[in-house]
Amino acid sequence: SRRSMSKSHLESTPLPASTADSITANPNVPSISTSAVLGESAEMPADTPICKGYDFNDGVNLDKMLEKMLTTGFQATNVGLVIDEIRKMRKWRLSDVKHEDLSPIYQNDERLQNPETCKSIRAKIFLAFTSNQISCGQREIIRFLVEHKMVDVLVTTAGAVEEDLIKCLRPTYMGDFKLKGADLRKKGINRIGNLLIPNKNYCEFEDWLMPQLNQFHDEQDKSKKLFSPSEIIKSLGANIDNKESVLFWAAKNNIPVFCPALTDGSIGDMIYFHSYKRPGFVLDIAQDIRKINDEAVQAYATGMIILGGGVVKHHTCNANLMRNGADFSAFINTAHEFDGSDAGASPDEAVSWGKVKLDSRPVKLCADATIVFPLIVSQTFAKDVTEWKESVKGCRCWLGDE
């Protein structure tokens, strides 16, 4: 069981006190040494999983190999636990919860006394990811999830927004981690790890974006409307009109994309240049803090899948703080907690803030998301696309004022 895997309840038996003057039946071996090395152990609980990995004598079978991750140990086991956590957040229905265990404000809602209504209410899933996940081929994995409406809310950074759009105009190329920065700079080529993006990509993006920025400014001057980052992102996603784009599918499927640091990248550069040509454009982030917090509050259960750290992790967790924590959480990153960073913070630290529910079982997987997330998706979202779509027909995450 997951409980016994994550925490064993074994009673300890203290070793005998020092007996340096005593000797065993073998007069050459002190008894303190034999008791220290060969001391009795407690019996393992009957339901404790046994460590055993995949046997390739059984052939090459991705599903069975990933199933064995759970009992392989170390971060492989956490891969299995993340798969389990995502399956739970996708399967959850309000009907799984006893009426008396509901929050008092929900117990008084007469609509929730109807069992059929409760069966139609599912968890709302937040997917957060840093910009490098769009820079690389993970973009296609994320696009798949958004295209098929398998997640409900996206949280990301400026680089992800612009690079998703740029890839619709010009490609990103493979390079090498060891390419010299000075040489690349002279050639007008930018490096992201072992990926290469020519400056020409950003020039074409500027040509595509600036007329739209002027249109936003025109609308602001005409109607006094202030645009939020999520509204601008939705408009850009619709206008790119490219089925390879994450933002295109987010706009088409009405999945909000929140980016509290939209100015931290090429889009910010263009807003900066625009401010000299035509001062006065306002990007209203206050609207979006209300929207994302309401997304969390207006749900009977939430799940968080967070690839990376920084602003996307904290922004998603903080929104879920507004509902006293997420019910399901899967964190995938390579950061550690010794420096006190939010990126490296353990899930238990998030529990202390109320960002993760007290009775939940959050999982942190310490790994490169580009390696493990496609494997995880293969065992969850991509496993049963047709069946899952059928199972969520008529489902919703919130009844609202209806």
Where residue 379 falls short, out of the listed (1) in contact with a Leu (Cβ under 9 Å, 6 or more places away or on another chain); (2) surrounded by fewer than 17 Cβ atoms within 10 Å (Cβ to Cβ): (2)
Checking the structure you have, find out if any residue of segment 180-187 is more than 30 Å from residue 385 (Cα to Cα) and either of a type in the set (A, V, I, L, M) or touching a residue at least 60 places away in the same chain (Cβ under 8 Å) (or both). yes
Restricting attention to segment 38-56, does a residue exist that is open to solvent by less than 60 Å² (accessible area, probe 1.4 Å), of a type outside the set (Lys, Arg) and in contact (Cβ under 8 Å) with a residue 60 or more places away in the chain? no
Quick check on residue 299: is it open to solvent by 10 Å² or more (accessible area, probe 1.4 Å), more than 13 Å from the chain's Cα centre (by Cα) and of a type in the set (Gly, Ala, Ser)? no
Of the listed residues (371, 332), the one being open to solvent by 20 Å² or more (accessible area, probe 1.4 Å), within 22 Å of residue 140 (Cα to Cα) and aliphatic (A, V, I, L, M) is 371
Surrounded by fewer than 16 Cβ atoms within 10 Å (Cβ to Cβ) and either closer than 20 Å to residue 167 by Cα or in contact with a Lys or Arg (Cβ under 8 Å, 6 or more places away or on another chain) (or both): which single residue out of 201, 214 fits that description? 214
Just one listed residue, out of 113, 133, is under 22 Å from residue 310 (Cα atoms) and either free of Cβ contacts under 8 Å to residues at least 40 places away in the same chain or not β-branched (Val, Ile, Thr) (or both), and it is 133
Limited to segment 319-329, what total is found for residues that are more than 12 Å from the chain's Cα centre (by Cα) and either among the β-branched types (Val, Ile, Thr) or open to solvent by 10 Å² or more (accessible area, probe 1.4 Å) (or both)? 5
Can you tell me which of (1) in a helix (DSSP H, G or I); (2) open to solvent by 30 Å² or more (accessible area, probe 1.4 Å); (3) within 30 Å of residue 385 (Cβ to Cβ); (4) touching a residue at least 40 places away in the same chain (Cβ under 8 Å) is the one residue 149 doesn't meet? (1)
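One line per residue, one yes/no per condition, for (1) in contact with a strand residue (DSSP E or B) (Cβ under 7 Å, 6 or more places away or on another chain); (2) buried (at least 16 other Cβ atoms within 10 Å of the Cβ); (3) in contact (Cβ under 8 Å) with a residue 12 or more places away in the chain:
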{"position": "257", "(1), (2), (3)": "yes, yes, yes"}
{"position": "261", "(1), (2), (3)": "no, yes, yes"}
{"position": "265", "(1), (2), (3)": "no, yes, yes"}
{"position": "270", "(1), (2), (3)": "no, yes, yes"}
{"position": "275", "(1), (2), (3)": "no, no, no"}
{"position": "290", "(1), (2), (3)": "no, no, no"}
{"position": "294", "(1), (2), (3)": "no, no, no"}
Of the residues in segment 302-318, how many are out of contact with any Asp or Glu (no Cβ under 9 Å at 6 or more places or on another chain), open to solvent by less than 10 Å² (accessible area, probe 1.4 Å) and in a helix (DSSP H, G or I)? 2
Quick one: residue 88 ticks every box in (1) open to solvent by 60 Å² or more (accessible area, probe 1.4 Å); (2) of a type outside the set (Val, Ile, Thr); (3) at pLDDT below 95; (4) not in a loop (DSSP other than H, G, I, E, B) bar one, so which box is it? (3)
Quick check, is residue 234 out of contact with any Asp or Glu (no Cβ under 7 Å at 6 or more places or on another chain), surrounded by fewer than 16 Cβ atoms within 10 Å (Cβ to Cβ) and either without any contact (Cβ under 8 Å) to a residue 60 or more places away in the chain or not basic (Lys, Arg) (or both)? no
Looking only at segment 98-146, count every residue that is part of a loop (DSSP other than H, G, I, E, B), at pLDDT below 95 and within 28 Å of the chain's Cα centre (by Cα) and tell me the total. 2
Any residue in segment 350-361 that's farther than 9 Å from residue 329 by Cβ and open to solvent by 40 Å² or more (accessible area, probe 1.4 Å): show its pairings with residues that are outside any loop (DSSP other than H, G, I, E, B) and at pLDDT 95 or above at Cβ separation under 7 Å, as long as the two are six or more apart or on different chains. 353/321; 358/351
Filter segment 154-176 for residues that are among the polar types (S, T, N, Q) and in contact (Cβ under 8 Å) with a residue 40 or more places away in the chain; the one that is surrounded by the most Cβ atoms within 10 Å (Cβ to Cβ) is 156
Residue, nearest to the chain's Cα centre (by Cα), within segment 177-191, restricted to residues that are assigned to a loop (DSSP other than H, G, I, E, B) and loosely packed, with under 11 Cβ neighbours inside 10 Å: 177
Residues of segment 130-155 being basic (Lys, Arg) and at negative phi, in sequence order, are 139, 143
Against the definition (under 21 Å from residue 354 (Cα atoms) and out of contact with any Asp or Glu (no Cβ under 8 Å at 6 or more places or on another chain)), how does residue 289 come out, yes or no? yes
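The values are calculated or read from the model by the stated rules, or taken from the named source; none is laboratory data. Remember, it's a predicted structure, so these values are computed and weren't measured experimentally. Cβ: placed from backbone, ideal geometry, glycine included. Neighbour counts: every protein chain shown. For the accessible areas, the whole protein counts, side chains as well, though only heavy atoms, and no ligand, DNA or RNA atoms are used. Shrake-Rupley method; radii C 1.70, N 1.55, O 1.52, S 1.80 Å.
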